[in-house]
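Contents: one structure, followed by commentary.
The values are calculated or read from the model by the stated rules, or taken from the named source; none is laboratory data. Please read these numbers as outputs of a predicted model, since none were measured by experiment. Positions of Cβ are backbone-derived with ideal geometry, glycine not excepted, and every protein chain shown enters the neighbour counts. These accessible areas exclude ligands, DNA and RNA; they are computed on the full protein's heavy atoms, side chains included. Shrake-Rupley method; radii C 1.70, N 1.55, O 1.52, S 1.80 Å.
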Amino acid sequence: MSDLEDDETPQLSAHALAALQEFYAEQKQQIDPGKDDKYNIGIIEENWQLSQFWYSQETALRLAQEAIAAVGEGGRIACVSTPSVYQKLREMCREDFSVYIFEYDKRFAMYGEEFIFYDYNNPLDLPKRIAAHSFDIVIADPPYLSEECLRKTSETIKYLTQGKILLCTGAIMEEQAAELLGVKMCTFIPKHTRNLANEFRCYVNYDSGLDCLI
């Protein structure tokens, strides 16, 4: 009887078992990512309720390279609601600049002291260790396409930057961005990992490599 019962016990196929093991490995990775993977774009999944849409690998790299070129050696970079750019900068494993991530989503606290909790509704509610005009460039992507969100985020940008601004937002915000921050639209068009309904563009207030086609 026991032999018959053993024969009738459901068994996973090798393919199903491998898929299950892969699933468990992915879950463990999300909870406790390894040192080499913690800066991968997508290691923290998008939360659409927070209006999170990650940049494509190519866009994140282009913006990271632009930031490095803009600040030079020893420069300081602030990533305001742009975690994909922060992750790409850190993935480069370079030590010739410093970078901070300003984010509402506390999952990004996994990045330690470089994480700064940020709520655009309180644009100047920042830690004392974040001094005014202490960053060579601010890269910002306001989470919502609204005048209110852009206006409040602009307060943060102007507080943080010594001058240079790289703004990513919808094409429909061009006039408001120019009025609030004195930025102009670039020829480079940022892409996301998902197709979004609204056209996104980059805006700067300095001579930028984002106006060069590569």
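For this structure, a couple of remarks:
- The residue of the range 81-101 that is farthest from the chain's Cα centre (by Cα), among those that are open to solvent by 20 Å² or more (accessible area, probe 1.4 Å) and hydroxyl-bearing (S, T, Y), is S98.
- I165 fulfils the conditions (1) open to solvent by less than 30 Å² (accessible area, probe 1.4 Å); (2) touching a Leu at 6+ places or on another chain (Cβ under 7 Å); (3) assigned to a loop (DSSP other than H, G, I, E, B); (4) of a type outside the set (K, R) except for a single criterion, (3).
- The set of residues from the range 62-108 being on the phi > 0 side of the Ramachandran plot and in contact (Cβ under 8 Å) with a residue 12 or more places away in the chain comprises G72, G74, S81.
- Residues that are of a type outside the set (D, E, K, R), open to solvent by less than 30 Å² (accessible area, probe 1.4 Å) and over 20 Å from A131 (Cβ atoms), drawn from the range 65-80: I68
- For the range 131-153, the criterion of being of a type outside the set (F, W, Y), at positive phi and not in a helix (DSSP H, G or I) is satisfied by at least one residue.
- Residue in the range 114-133 that is within 19 Å of Y86 (Cα to Cα), modelled with pLDDT of 95 or more, charged (D, E, K, R) and crowded, with 18+ Cβ neighbours inside 10 Å present: no
- Close pairs from the range 169-187: first closer than 15 Å to V204 by Cβ and charged (D, E, K, R), partner modelled with pLDDT of 95 or more and in a loop (DSSP other than H, G, I, E, B), Cβ under 6 Å, at least 6 apart: none
- Residue match in the range 195-211 (condition: among the hydroxyl-bearing types (S, T, Y), in contact (Cβ under 8 Å) with a residue 12 or more places away in the chain, open to solvent by less than 30 Å² (accessible area, probe 1.4 Å) and outside any loop (DSSP other than H, G, I, E, B)): yes
- Set side by side, the residues Y55, Y39, Y104 differ, and just one is within 20 Å of T193 (Cβ to Cβ), touching a helix residue (DSSP H, G or I) at 6+ places or on another chain (Cβ under 7 Å), at pLDDT 60 or above and open to solvent by 80 Å² or more (accessible area, probe 1.4 Å), which is Y104.
- For the range 179-191, the condition holds for at least one residue, the condition being that it is hydrophobic (A, V, I, L, M, F, W, C), part of a helix (DSSP H, G or I) and modelled with pLDDT of 95 or more.
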